[in-house]
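Below is one structure, written out as structure tokens, with a few remarks after it.
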Amino acid sequence: MPILVVWSLVFLLLGVQSGFSVVLYHTGFEASEGYHTNLDLSGQQLWTGQSGGGNGVVSGWFPGKGQQAYVGFSPPTNGDTGVFVYPPLDKNVSQAQLSVTMMIENSSNTNWDDFYWAAYDQHGQELFTLDFDNYELKLYYHLGGATNRMWSGLKFTNDVIYGLSMALDFDANRWSAVFNGALVATNQPITTNGASLNLGDFDAAWAIYDPDLPGDNFMLFDDYQVSGSVPPPDLNLLGLINGAATLRLTGRDANSFAVEASSSLTGWQPVKTNITSGGSFDYVDTAAQGASPRFYRARWVP
């Protein structure tokens, strides 16, 4: 990470923090994390969405992986035609990625439904959706606001554990997805209907094809992880006021950044953490008075 160094006689090195991706949220749905198999997933550990049937936590379906979450099996008690569950994230990141392992169990009756992984913005507007059609055993996708779905060319098999990842580039308004190592779609628009280009949440969903005849099929999932990144911030010296360094941090708007200081490059202390408004914030380091040299660096605080 490049360092900005300020001496009492104003010697300045300019640089920026390297960009990197960090984990914004991760869960394995384990008992050690506070998840219970006798409760709906919605309402546990920040997860929200549909309660009263159609979601929960089970144990032992993925060999050696402890507990898993699920949507499906028992219809919602309030008569809804679908079930959505998700942890609210609400991050203003440049890029985001969901990775998850999943498996779809077949119905024991003659009714089959669809299971979704859907991305939403912070206003609850759909960005795009991956659609696992359990009748056709095909993987489709559709864009937010679209009336039709597109077949990815990929199929899946019941009772098989797969890996799925979805990558979003908000700055470029593009997304891609990979299922079981194969490309689902690439270079697709995140939004075509004016949704905000920010991350609200990634939902696991059960869409019941016929509310009067729901299948008892369900989708299991585990190792749910969301990562994100923002462009590296700039840190600049505006000047010295009675020996106090006046600094300006410039970074992605509405994100939290920390300015850290050191006199030795071996121990760093945060001196200011703030949220950018209009893409920047200023800080006057009065502790720098009489301190020579004084080193600074800046980092994103997810």
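Throughout, read-outs are computed from the coordinates displayed, never taken from laboratory work. Remember, it's a predicted structure, so these values are computed and weren't measured experimentally. FYI the Cβ positions are ideal-geometry reconstructions off the backbone, even for glycines, and counts take in every protein chain you see.
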Quiz item: If you scan segment 143-164, which residues turn out to be within 23 Å of ASP121 (Cβ to Cβ) and surrounded by fewer than 16 Cβ atoms within 10 Å (Cβ to Cβ)?
Solution: GLY145, ALA146, THR147, ASN148, MET150
Quiz item: Which of the residues spanning segment 116-142 are farther than 28 Å from ASN92 by Cα and surrounded by fewer than 21 Cβ atoms within 10 Å (Cβ to Cβ)?
Solution: ASP133, TYR135, GLU136, LEU137, LYS138
Quiz item: Across segment 216-262, what is the number of residues that are over 23 Å from TYR86 (Cβ atoms) and of a type in the set (Phe, Trp, Tyr)?
Solution: 1
Quiz prompt | Qualifying residue in segment 127-139 (condition: farther than 15 Å from PHE115 by Cα and out of contact with any helix residue (DSSP H, G or I) (no Cβ under 8 Å at 6 or more places or on another chain)) | solution = yes
Self-check item: Restricting segment 179-203 to residues that are exposed (fewer than 14 other Cβ atoms within 10 Å of the Cβ) and of a type in the set (Gly, Ala, Ser), the residue that is farthest from ARG149 (Cα to Cα)
Solution: GLY181
Practice problem: Name, by its number, the condition in (1) among the hydroxyl-bearing types (Ser, Thr, Tyr); (2) more than 15 Å from PHE170 (Cα to Cα); (3) in contact with an Asp or Glu (Cβ under 9 Å, 6 or more places away or on another chain) that does not hold for THR191. | Solution: (2)
